[in-house]
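Laboratory data are not the source of any read-out in this text; all were calculated from the coordinates shown. What you are looking at is a predicted structure, and each value in this text was computed from that prediction instead of being measured. Here the Cβ positions follow ideal geometry from the backbone for every residue, glycine too, while neighbour counts run over all protein chains shown.
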Amino acid sequence: MLKATIIVKLKDGIDDPEGKSIKHSLNLLGFDSVVNVHVSKYYEILLDLPKDEGEREVQEMLKKLLVNPVIHEYELRVEEI
């Protein structure tokens, strides 16, 4: 069994409206020291595949659905559990 952990973030320079909205709300709540918020997505996918095949399959998931390479960067970790 494999566990793929993926963190998807917006690239530097890409507008993050959700992060801006959260920052604004935190400031309104009195958290004046917050100067910026970046929102990321965290995926944890369990696979019943050998490691090399699982890594290839997760790469396909990233290309086909989870990541837009124009605006996103990601971190991927695949481990046997």
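List of remarks:
- Subset of LYS23/LYS63; LYS20/LYS63; LYS41/LYS63; LYS23/LYS64 violating a 19 Å alpha-carbon distance limit: LYS23/LYS63; LYS20/LYS63; LYS23/LYS64
- Amide H to amide H distances under 5 Å link VAL39 with GLY19, where only residues 5 or more positions off or on other chains count and H is placed in the peptide plane.
- When the alpha carbon gyration tensor of the chain is reduced to an equivalent ellipsoid, its three semi-axes come out at 33, 14, 8 angstrom, largest first.
- Each helix, a run of at least 4 DSSP H residues, gives -39500 (n - 2.57); summed and divided by the residues of the chain, these come to -8500 deg cm²/dmol at 222 nm.
- Among LEU10, LEU65, LEU29 - extreme Cα towards positive end, dipole of the stretch 2-80, charges at beta-carbon: LEU29
- Under a model in which nothing but the beta-carbon of Lys, Arg (+1) and Asp, Glu (-1) is charged, the chain shows a dipole of about 280 debye around its Cα centre.
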